[in-house]
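So the structure is just underneath, and the comments pick up after that.
Derivation of every value follows stated rules applied to the coordinates shown; laboratory data play no part. In this text the structure is predicted, and so the values were computed from the model without any measurement. Note that we place each Cβ from the backbone using ideal geometry, even for glycine, and neighbour counts take in every protein chain shown.
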Amino acid sequence: MKFTKLKNISVIALGLISSSAFAQDKSTIENTSPFGDISQYRTWSIGINGGILNQSNILGFNQGGFEKLEHNFGYSLYVKNQISPSFGAKLQYLGGKVGGINENPNSNEVSQYETQAPWSAALSAEWLLGNTNWRFFNGIVKPYVSIGVGALNFKTKTKTDADGDFITQDAKTKIYVPADVGFKFAVTKGIHIDLGYQLNWVNQDFDGVRADQYKNDLFSYAHAGLEFSLGNPEKPALNNSNPVATLVNTMNMQYDELKKDRDELRAANESLKEELIGLYEDLADDDGDGVPNKYDKCPNTPQGTKVDGSGCPLPEMKHETKVIERVVTKEDKKIVDEAINNLEFDLGKATIRPTSHASLNKVAALLIEKNFSLKLAGHTDNTGSMQVNLKLSKDRAEAVKAYLVSKGANASRIEATGYGPNQPIADNSTAEGRQQNRRVEFSLF
């Protein structure tokens with residue numbers, strides 16, 4: 001009857017294991033770092049289990065002649081501190097009854113015994129083997145071994161005649177050594193199912209046989225139970241953590257982030273390259289007359305030919321050229337200053353915004369009316385590479401020249417130069433200073 005009861009308990013435990021396997025929370029190391037403080041984990045846990053106690057053992061020795069086994073219910077409770085992911089120390093209590101029958105005893109030999117163990121206490125070291133392999137990221141199934149030493153209190157009853165009465169011996173407390181092997185299954189971040197097999201060496205007299213026949217006694221405890229992690233449920237349990245896998249996971253995430261940044265930089269570089277190609281095409285001047293192809297109405301003019309703003313040759317002067325003194329008035333300077341202040345380009349481009357056209361039109365009219373010469377000097381801040389800034393400053397100055405020429409100004413009287421970041425007028429370390437340095441200067445003469 002006792003064996004049937006224990007068999008039913010084992011079936012229920014196995015059913016619990018199989019059903020829980022489908023509800024596992026495999027996320028056991030989130031929000032932790034491989035070199036972080038141990039305070040990011042839960043380190044304390046408690047365990048409770050039940051199982052079968054008898055004098056059988058997988059080693060097959062030291063049974064004291066008691067070949068006919070009695071299967072009795074045993075129970076255990078322990079408190080454990082996880083010192084590292086693979087190593088912990090636990091304080092265990094074990095209780096229950098162990099019994100056996102010797103069917104062929106010699107005269108005066110013990111034919112049957114029953115030993116009741118009301119209490120015990122043992123301190124053991126436990127190793128979780130599943131938390132040391134980087135291939136198992138979450139360590140769901142973890143083999144373990146443990147060994148310890150403690151004190152076992154027991155009271156033994158024996159009889160030498162199968163039909164006789166039991167003789168009760170005095171209660172004793174002896175040193176014993178528990179050794180455990182088994183598997184732990186991670187059900188959630190803080191719960192493990194524990195299946196194990198424990199051998200217990202007791203220092204003499206456990207089965208009532210004289211110490212001169214057997215120096216030590218041995219009994220086993222096959223058990224199933226649960227282990228619960230204590231503390232903040234938001235934290236992962238240290239006995240669920242695989243430090244090598246955590247490190248690999250951290251490095252993989254950092255690699256993915258770097259790869260993403262690299263791809264974004266490549267895409268931005270390609271976009272900038274396309275914009276520069278477009279700028280080059282807009283400002284290309286194949287015949288070298290100072291008028292870009294985009295605005296040149298008379299392409300392929302001979303080299304050195306003087307042209308007007310549309311790129312067409314100017315009529316030859318038949319009369320004697322007179323030297324005319326050109327005086328730049330305050331009103332002239334005011335028109336130029338207004339054009340400088342209103343001049344705006346698209347971000348990172350040499351495209352003049354429409355809001356600047358009105359003031360530039362006034363400058364073009366002034367150049368036509370008074371036949372002034374104009375020097376355009378493009379400048380940038382120090383953001384970006386020197387090569388890009390020199391080209392952008394030159395392109396912007398050329399864009400202003402092209403616009404003025406398109407409005408009738410004489411291209412030969414307009415000089416466009418780019419200085420990049422080489423002539424700052426303000427501190428490039430501030431946003432305001434950089435804004436002042438991004439400019440095109442007009443020098444009228």
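Let me know the charge dipole size of the stretch 324-444 about its Cα centre in debye, to the nearest 20, where only the beta-carbon of Lys, Arg (+1) and Asp, Glu (-1) is charged.
Here the stretch 324-444 has a charge dipole of around 240 debye.
So how far apart, in nm, are the two label points at ASN371 and TRP44 if each is 7 Å from Cα heading toward Cβ?
So the label points at ASN371 and TRP44 sit 10.0 nm apart.
In whole Hz, what ³J(HN,Hα) sequence does the stretch 219-229 give by Karplus (6.51, -1.76, 1.60; θ = phi - 60°), x for Gly and Pro?
9, 10, 9, 8, 9, 9, x, 10, 10, 10, 7
Pull up the cross-link candidates among the lysines for LYS80, meaning alpha carbon to alpha carbon under 30 Å and not fewer than 8 places away within one chain.
In chain and number order, the partners are LYS5, LYS7, LYS26, LYS90, LYS97, LYS142, LYS155, LYS172, LYS174, LYS184, LYS189, LYS235.
Measure of size requested: the Rg and Dmax of the stretch 324-444, with Cα atoms as the atom set and Å as the unit; please supply both.
According to the Cα coordinates of the stretch 324-444, Rg and Dmax are 14.3, 46 Å.
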